[in-house]
Ligand SMILES: [Zn+2]
């Protein structure tokens, strides 16, 4: 059984448990560092970032068809240069490995939808309205297990927005998780990175 001390030393975002509060403090320091822009990452004009967000939203909306059979976990993947990824998600990065070329953002809990609305500059990012007022929503569901292994199981080669969605007439945004991962893809003759 976890003791009260252990619970206090648990990261509220990724649920990782640390031996003591020092370990957790160090974890938070690392996260702060992950969100500092590297010199080689260009600062991009606002209109480029805004345009990319629109592309991202369009791709998410494509994953919200009006069909119960297609409910469930969703993966959205989009080619994306590192500088754009950082411009959109910088400040929300929770894991970064320079050598592996990976960034991860983890969003959990009832504020997830709102936080992503802020990032995307749109509270419509997870909604799609069909005729007869039928609507499809991204719903952040309770994950059965809150431990970090859930995150690690996801294929790191896949670049993704992982969405749980559910068709309903009323928006119901429950606790859940959305993982956004950027992974450098090595293609020798024409190197591209993907979100
Ligand atoms: Zn964490």
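None of the figures in this text is laboratory data; all of them are computed from the coordinates on show. Computed from a prediction, not measured in an experiment: that's the story for all the values here. Glycine gets a Cβ as well: all are built from the backbone with ideal geometry, and neighbour counts include every protein chain shown.
Using 0.36 nm per residue and subtracting the Cα-Cα separation, the extra length available between residue 21 and residue 54 on full extension is 7.9 nm.
For the range 72-126, the square roots of the Cα gyration tensor eigenvalues, ordered a ≥ b ≥ c, give a/c of at least 1.5 with a/b greater than b/c, which places it in the prolate category. Between residue 97 and residue 130, the C-beta separation translates, for a Förster distance of 35 Å, into a calculated FRET efficiency of about 0.30.
Give the order of 93, 129 when sorted by the count of other beta carbons within 10 angstrom, beginning with the fewest. Could you put the intermediate results ahead of the total?
Details: 93 21, 129 13.
Ranked by crowding around the Cβ, least crowded first: 129, 93.
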